[in-house]
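The structure appears right after this line, and notes come after that.
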Amino acid sequence: MGGTTWAVLRSIHAGLSGLNVIYFFPTRTDVIDFSKSRVGPLLADNPALSRVMTDTDTVGLKRIGEAHLYFRGMKSTVGMKSVPADMIIFDELDEATPEAKTMAKERLAHSDFKRVIELSNPSLPDFGIDESFQASDQRHWTVKCPGCGTWTALDKEFPSKVGQEVKIILARPDGTWYRACVKCGAEIDLATGEWVADFPDRLIHGYRISQLISSRVDPGEILDDYKLTRYRDRFYNLKIGVPYADLER
C-alpha cells in the first residue's frame with residue numbers, strides 16, 4: 001500500500017533538514033534486503049539526492065548532507081543503543097517485542113524533535129500497531145456517496161466476522177464488482193474521499209490503510225478471499241488492515 005516508501009521519503013526529508021533518523025526493522029536481514037533493494041536505488045537514481053550524499057554510504061548508514069540515516073534491526077540491543085536520533089521509524093512493528101520498542105525510543109531522549117513513525121500490518125488486538133492506533137485520532141479514508149450523500153468508511157463497514165453479509169462490495173450487471181455506499185448501494189469513487197478522524201482532538205495521528213481503499217485491488221478479489229479464506233487472521237490483518245483474534249477456535 002506504499003506506507004514504507006512514504007516513510008523512507010519522510011526520513012530522507014528529515015535528513016535534508018539536518019535531523020538524524022533511525023529506521024528500525026525487526027531483524028538485521030530485513031535491514032540488508034531493504035537497504036540494498038529499496039533505499040540504495042532510490043537515492044542513487046535521484047540527482048538532487050545524489051548531490052547531497054557524502055562518502056558515507058553503507059547498508060546500515062546513509063549520510064545526507066550533515067545528517068545521518070541509520071538502518072537497524074531490533075534483535076540486537078547493541079544496534080539500538082549505539083546512536084542518538086531526532087526521529088525514529090518502526091517498520092513491521094508487530095514483529096518486534098514491546099521491550100525492543102521501548103529501548104529503541106530511548107534514542108530520542110536528548111532530541112528536541114522526538115518524532116516517531118510506526119508502520120505495520122496489525123496482528124492481535126491491543127498489541128503493537130493496534131495499541132498505537134487506539135491511542136491516536138484514528139483516521140479512516142471516508143468517501144461521500146454521489147447519490148444519497150452518505151459518507152462511507154469501507155474498513156469500518158466491512159464485517160468483523162467471516163460469514164456476515166458484505167454490503168460495501170456489490171456486483172455490476174456485467175459481473176464485475178464495485179465499492180458501494182453503505183446506505184444506498186451506489187458506486188463510490190475512492191478518489192473523492194478524505195481522511196476523517198474518529199477522535200479529532202487527539203494529538204497523535206493514526207491512519208488505517210486497507211486494501212479496500214486501493215485502486216489497484218479488485219474488490220471482487222477481496223470478497224472471494226473473505227468467503228474462501230482458511231486463515232481468518234491473515235485475511236483481516238493483510239487485506240482489511242485490522243487486528244484479529246479468532247476466539248471461536
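The values are calculated or read from the model by the stated rules, or taken from the named source; none is laboratory data. Please read these numbers as outputs of a predicted model, since none were measured by experiment. Cβ placement follows ideal geometry from the backbone for every residue including glycine, while neighbour counts extend to all protein chains displayed. Just so you know, the surface numbers come from the protein's heavy atoms only, side chains and all, with ligands and any DNA or RNA stripped out. Shrake-Rupley method; radii C 1.70, N 1.55, O 1.52, S 1.80 Å.
Ranked by the mean number of other Cβ atoms within 10 Å of their residues, highest first, the peptides 228-240, 116-128 fall in the order 116-128, 228-240.
Label separation (Leu9 vs Thr29): 3.1 nm, computed from points 7 Å beyond Cα along the C-beta direction. Given Lys36/Lys75; Lys105/Lys156; Lys105/Lys239; Lys62/Lys114, which pairs have Cα atoms separated by over 24 Å? Table pairs above 24 Å Cα-Cα are Lys105/Lys156; Lys105/Lys239. Annotation for Val83 and Ser17: the two label points, set 7 Å from Cα along the Cα-Cβ direction, are 1.9 nm apart. Would the range 22-169 count as rounded, prolate or oblate if I go by the C-alpha gyration tensor, calling it rounded below 1.5 in a/c and otherwise prolate when a/b exceeds b/c, oblate otherwise? Prolate, since a/c reaches 1.5 and a/b exceeds b/c. This model, with +1 at the C-beta of Lys and Arg and -1 at the C-beta of Asp and Glu, gives the range 1-158 a dipole about its Cα centre of some 420 debye. Here the gap between Cys148 and Lys36, fully extended at 0.36 nm per residue and compared with their Cα-Cα distance, gives a gain of 35.4 nm. For the range 149-249, the relative contact order works out to 24 percent when only alpha carbon pairs closer than 8 Å and six or more residues apart are counted. Surface composition of the range 135-249: carbon and sulfur atoms hold 49% of the protein heavy-atom accessible area at a 1.4 Å probe.
Set the Förster radius R0 to 35 Å, insert the Cβ-Cβ distance between Leu124 and Cys184 as r into 1/(1 + (r/R0)^6), and round the FRET efficiency to 0.05. That pair, Leu124 with Cys184, gives E of 0.50. In this structure, Asp233 and Leu170 have a Cβ-Cβ separation that, at R0 = 22 Å, corresponds to a calculated FRET efficiency of about 0.25. Note on Glu66 and Phe199: the extension gain reaches 44.1 nm, defined as 0.36 nm multiplied by sequence separation minus the Cα-Cα distance.
Diffusion coefficient (Stokes-Einstein, Kirkwood radius over C-alpha pairs, 4 °C, 1.567 mPa s) for the range 60-131: 100 µm²/s, rounded to a whole number. Mean sequence separation of contacting Cα pairs (under 8 Å, at least six apart), scaled by the length of the chain, corresponds to a relative contact order of 17 percent.
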